[in-house]
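Derivation of every value follows stated rules applied to the coordinates shown; laboratory data play no part. These figures come from a predicted structure and were not determined experimentally. Methodologically, a virtual Cβ is constructed for each residue, glycine included, from the backbone with ideal geometry; neighbour enumeration extends over all protein chains shown.
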Amino acid sequence: MNVKSAYIHIPFCYRICTYCDFNKYFIDKQPVDEYLDALISEMQVKNNRDLETMYVGGGTPTALNMRQLEKLLRAINQTFTISGEFSFEAN
């Protein structure tokens, strides 16, 4: 069985938790828009557009502002067909 899945990492946080081992950066003064632009460009060149699962994690993906969240979710929706689970970590 060849399950096609994708993980999108949003490495930004409003608070750095000492227990978290994931790649993360305090969001203040980070190039968040540039990161999203690069992420979206990379998503668009990938050939695996039909996915069974998609997970968006971090860091804290909900540290993105509303405009950034809309941009990311719109790009995911326009780039991929997700037939199964879509998970978005919310803290």
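Each of ASP37, ASP50, ASP28 was scored by other Cβ atoms within 10 Å of its Cβ. Listed from fewest to most, they are ASP28, ASP50, ASP37. When the chain is treated as a GNM with alpha-carbon contacts under 10 Å, the residue of LYS71, LYS46, LYS29 showing the greatest mean-square fluctuation is LYS29. Close lysine pairs were tallied over the chain: pairs 8 or more places apart or on different chains with Cα atoms under 23 Å apart number 4. Rounded if a/c is under 1.5, else prolate if a/b is larger than b/c, else oblate: which is the stretch 1-62, with a ≥ b ≥ c the root eigenvalues of its Cα gyration tensor? Oblate. For the chain, the longest principal axis of the Cα atoms and the long axis of helix 66-79 meet at an angle of about 20 degrees.
Considering helices alone, the calculated mean residue ellipticity of the chain at 222 nm is -10000 deg cm²/dmol, with DSSP H runs of length four and up weighted by -39500 (n - 2.57) and normalised per residue.
Among the chymotrypsin sites (Phe, Trp or Tyr not before Pro) found in the chain, those both in a DSSP coil and sparsely packed, with 14 or fewer other Cβ atoms within 10 Å of their Cβ, are TYR14, TYR19, PHE22. Dividing the mean sequence gap of close Cα pairs (under 8 Å, 6+ apart) by how many residues the stretch 5-88 holds gives a relative contact order of 41 percent.
Between HIS9, VAL45, PHE22, the Cα set farthest toward the positive side of the dipole of the stretch 6-51 (charges on each charged residue's Cβ, about the Cα centre) is that of PHE22.
Charged side chains reduced to their Cβ positions (Lys and Arg at +1, Asp and Glu at -1) give the chain a dipole of some 80 debye around its Cα centre. Taking Cα atoms only, the orientation of helix 32-45 departs from the longest principal axis of the chain by about 10 degrees. Note on the chain: with a GNM built from Cα contacts shorter than 10 Å, the maximum mean-square fluctuation among GLN68, GLN30, GLN44 falls on GLN30. Where a ≥ b ≥ c are the square roots of the eigenvalues of the C-alpha gyration tensor, would you call the stretch 34-91 rounded, which needs a/c under 1.5, or, failing that, prolate if a/b is larger than b/c, or oblate? Oblate is the answer for the stretch 34-91, as a/c is 1.5 or above yet b/c matches or exceeds a/b.
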